[in-house]
1. With every protein chain kept in place and ligands, DNA and RNA left out, what is the accessible area per residue of the chain? Probe 1.4 Å, answer in Å².
2. Give the label of the value calculated from the structure for Rg and Dmax of the Cα atoms in Å, choosing from [x] 12.8, 44; [y] 13.8, 49; [z] 31.1, 96.
3. Quick one: Karplus J couplings for the range 58-63, per residue in order, coefficients 6.51, -1.76, 1.60, θ = phi - 60°, nearest Hz, x for Gly and Pro?
4. Work out the length of the dipole vector of the chain about its Cα centre, built from +1 on the beta-carbon of each Lys and Arg and -1 on the beta-carbon of each Asp and Glu, and round it to the nearest 20 debye.
5. Which of the cysteines in the chain are isolated, no other cysteine C-beta under 4.7 Å?
6. Put I2, I46, I31 in order of accessible area, largest first, 1.4 Å probe: what do you get?
7. From the backbone phi of the range 35-45, what are the Karplus-calculated ³J(HN,Hα) couplings (6.51 cos²θ - 1.76 cosθ + 1.60, θ = phi - 60°) in whole Hz, Gly and Pro given as x?
8. Return the lysines within reach of K11: Cα separation strictly under 16 angstrom, same-chain partners fewer than 8 residues apart disregarded; answer none if there are no such residues.
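The values are calculated or read from the model by the stated rules, or taken from the named source; none is laboratory data. Keep in mind that this is a model prediction, so the values were computed, not measured. Every residue, glycine as well, gets a Cβ built from its backbone with ideal geometry; the counts of neighbours run over all protein chains shown. The protein model used for the area step is the full one, side chains on, heavy atoms only, and it has no ligands, DNA or RNA in it. Shrake-Rupley method; radii C 1.70, N 1.55, O 1.52, S 1.80 Å.
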Amino acid sequence: MIKKYGWGGWKMPIFNLNDPDYCEFGCPVCINARKGNPFAKFIQRIELAVTFGGCPWGRARKRKYGVDPDEQIPQQQEKS
């Protein structure tokens, strides 16, 4: 189930800093950076450097999915 976040993701869930799905499905910077947008990648690199690993939602995403906020989640390989 994909969660919806207000204002196209610009309304951050500040009372739920351990929500990994915000980074995955709601954050306009992270989503666009993972899609390849050069400006979003630049902003995300600055954020990762300044915060030593990402915002609280990016760190929660790393705990849940095992990948940094700037990396795609690896697809499950189908069993033959």
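1. On the way: 5980 Å² over 80 residues.
Dividing the accessible area of the chain by its residue count gives 75 Å².
2. The calculated read-out lines up with [x].
3. Going residue by residue, I get x, 5, 5, 5, 5, 5 Hz, with x marking Gly and Pro.
4. Values: 13 positive and 8 negative charges, 18 e Å.
About 80 debye.
5. Among the cysteines of the chain, those whose Cβ sits 4.7 Å or more from every other are C23, C55.
6. On the way: I2 110, I46 80, I31 40 Å².
Final ranking, largest accessible area leading: I2, I46, I31.
7. Result, ordered by residue: 7, x, 5, x, 5, 5, 4, 4, 4, 5, 4 Hz.
8. K3
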